[in-house]
Amino acid sequence: RIYPLMRVTLTTSDGASVTVSRQLTKHSGFIEKAITDMAVDDNAVPLSAVAVDVDDATLKLVIEWLTEHRDDALPYPEKTDEERRADDIPAWDQAFVQKWDTKEDQQQTLYAVITAADKLDIKGLLDMTCKTLANKINGKTVEEMREILQLECDFTEEELAEIRKENAWCEN
Amino acid sequence: NRPKLETTLENNLLKLVARLAAKKRAFPDSHANSSTNFCLSNDDQAYDAKPFEMTTILGEKDIISTLPDDCLISVLSHLDRDSFETMGCVNQKMHSIASHDGWTKPRRPIDSIVLLQDQKFRTIHVNPVKKEDYCLMFESNSSGEDFKKRFKGSYDYRDHMFSINPNVSEIPEKFFKTVQEINSKHCSQKLEILR
């Protein structure tokens, strides 16, 4: 049972502190485990402190997302392979990402939020951000993917020719 | 009955890293079941976990490689089939990950696979469901030479025939590997063998 009045203070990797309701942190497997490990008395409505390996700016985004999704059902529903799709991101989430995922940002914030969601074990946020990144790549050419992901081609000419030969025949 | 990605992730990641390290820069000769979405299969074969040995030359601002492996796998698992295959052409690391045998990929539907053999040639034909889509053809001879063709519409494969030694009856290994490759990427409604 979760006591929503319980407050949790999160200490970020850059030394900031943010206090949030337990109603929000219940979506984070990492924070819930940390609180459970502390064996605090929920009935006493204490203030617990948890250190998280996430910077302050990213944590604020995570908390914004958690606030919107505070009433989401738990546990996060598991998706089968057939159910796994990238085009079902809720409208609020799309607008939320668009606020900070700008061209100038070059996905740096998106990567930071994905990593934070992974570290904090927030399945809903991780799923949504991974879908967002997948949607950026879906349908793109190799060159476009390299540009989006800022990756350089490190194949030798021979390897590239081999890949092209195989793909030209059997793929796409 | 395929396992869920999340539940098998830790074990599969260890296997993935070990297998990729073992493969290094070799190109795979087959893929797992092949399209819209992907997951890593729960393969119970034991692999010794080793550090990732492949070196990659990354862009100066490359940050996707800083993502934890399970996040990267989650991103890839949401790609459609064509994008997934394209991703494998981006660089060495992506190629290794996308080529991993553990991915289970929905296969592309095709109408039929036809295996032809007579005294002079051995040919594989892949016929699409829609006539306007590509046909695939592979033929090989016993000297280890092979020929692949991708075309639309009808095609007289005999025009590009190899002359093969009639005294050698052995079917080259590449022929079987190609059948395996086609079957891993395409879901055929019919298989015909013509002699």
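The values are calculated or read from the model by the stated rules, or taken from the named source; none is laboratory data. Quick caveat: nothing in here was measured; it's all calculated off a predicted structure. Methodologically, a virtual Cβ is constructed for each residue, glycine included, from the backbone with ideal geometry; neighbour enumeration extends over all protein chains shown. Ligands, DNA and RNA are excluded from the accessible area calculation, which covers all protein heavy atoms including side chains. Shrake-Rupley method; radii C 1.70, N 1.55, O 1.52, S 1.80 Å.
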Review point. What are the residues in the range B:137-169 that are over 17 Å from B:His125 (Cβ atoms) and at pLDDT 70 or above, if any?
Key: B:Glu145
Point to revise | Residues of the range A:124-148 that turn out to be open to solvent by less than 40 Å² (accessible area, probe 1.4 Å), in a helix (DSSP H, G or I) and within 12 Å of B:Leu79 (Cβ to Cβ), as a count | key: 6
Revision key, fill the gap. Here the residues within the range A:149-163 that are surrounded by 15 or more Cβ atoms within 10 Å (Cβ to Cβ) and either more than 7 Å from chain B (Cβ to nearest Cβ) or assigned to a helix (DSSP H, G or I) (or both) are A:Leu149, A:Glu159, A:Ile163
Review point. Which residues, taken from the range A:70-81, are surrounded by 11 or more Cβ atoms within 10 Å (Cβ to Cβ), away from chain B (no Cβ under 14 Å) and at pLDDT below 85?
Key: A:Leu74
Check your understanding: When you scan the range A:25-58, how many residues do you find that are aliphatic (A, V, I, L, M), at pLDDT below 90 and under 19 Å from A:Pro75 (Cβ atoms)?
Key -> 2
Review point. Looking at the range B:116-123, is at least one residue surrounded by 13 or more Cβ atoms within 10 Å (Cβ to Cβ), aromatic (Phe, Trp, Tyr) and at pLDDT 80 or above?
Key: no
Study note, to complete from the structure: Only unsatisfied item for B:Asp80, checking (1) open to solvent by less than 30 Å² (accessible area, probe 1.4 Å); (2) within 8 Å of chain A (Cβ to nearest Cβ); (3) at pLDDT 60 or above, is (1)
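Being aliphatic (A, V, I, L, M) and within 22 Å of the chain's Cα centre (by Cα) is the filter; apply it to the range A:133-148 and report the residue that is farthest from the other protein chains (Cβ to nearest Cβ). Walk me through it before giving the result.
In the first step, residues of the range A:133-148 are kept if they are aliphatic (A, V, I, L, M); the result is A:133-134, A:137, A:142, A:145, A:148.
Adding the requirement that they be within 22 Å of the chain's Cα centre (by Cα) leaves A:133-134, A:137, A:145, A:148.
Details: A:Leu133: 5, A:Ala134: 4, A:Ile137: 6, A:Met145: 5, A:Ile148: 9 Å.
So the residue we want is A:Ile148.
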Study note, to complete from the structure: Here the residues within the range B:38-77 that are in contact with a strand residue (DSSP E or B) (Cβ under 9 Å, 6 or more places away or on another chain), facing chain A (nearest Cβ under 8 Å) and at pLDDT 80 or above are B:Leu76, B:Ser77
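Which of the residues belonging to the range A:82-105 are of a type in the set (Lys, Arg), open to solvent by 50 Å² or more (accessible area, probe 1.4 Å) and in a loop (DSSP other than H, G, I, E, B)?
A:Arg85, A:Lys103
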Practice item. Would you please list the contacts, defined by Cβ atoms under 7 Å and residues six or more apart or on different chains, that run from a residue in the range B:65-86 that is part of a loop (DSSP other than H, G, I, E, B) to a residue that is at pLDDT below 80 and hydrophobic (A, V, I, L, M, F, W, C)? Key: B:His78/A:Ala86
Check your understanding: Restricting the search to the range A:106-123, which residues are buried (at least 20 other Cβ atoms within 10 Å of the Cβ) and not in a helix (DSSP H, G or I)?
Key -> A:Gln107, A:Leu120, A:Ile122
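Quickly run through the range A:94-122 and pick out the residues that are away from chain B (no Cβ under 13 Å) and among the β-branched types (Val, Ile, Thr). It would help to see each step written out before you state the result.
Start the filter on the range A:94-122 by keeping residues that are away from chain B (no Cβ under 13 Å), which leaves A:94-103.
Answer for the range A:94-122, where residues must be away from chain B (no Cβ under 13 Å) and among the β-branched types (Val, Ile, Thr): A:Val97, A:Thr102.
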